[in-house]
C-alpha cells in the first residue's frame, strides 16, 4: 500500500523571508560601517595629546573602532 502526502513539510523561512533578512542585514552593516567611519574621522581630527589622554595612539584608531569585529 502506498501513502501519499498532500501537504509538504517546510523547514525554515521562505524565500521572501530570507531575502528580507538579507536586505535588513545589509542595511544594518552599511549603517554601522558609516557610523564607524564617522568615529574614525572624529578620532583622526584629535591631536596626539588628546588621543594619548584616551589611551590611544594614532596608529591604533582603526583597531580601536573595529575592536569588536577584528580578531588578532
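Specify, per residue and in Å³, the volume enclosed by the convex hull of the alpha carbon atoms belonging to the stretch 15-65.
63
Give me the number: length gained by fully extending residue 49 to residue 6, i.e. 0.36 nm times residue separation minus the C-alpha to C-alpha distance, one decimal in nm.
8.2 nm
Within 10 Å of each residue's Cβ, count the other Cβ atoms and sort 29, 60 from fewest upward.
29, 60
Where a number appears in this text, it was derived from the coordinates with a stated rule and is not lab data. Since we're looking at a predicted model, the values are computed, not measured. A quick note on method: Cβ atoms are made from the backbone with ideal geometry, for glycine too, and the neighbour counts reach across all protein chains shown.
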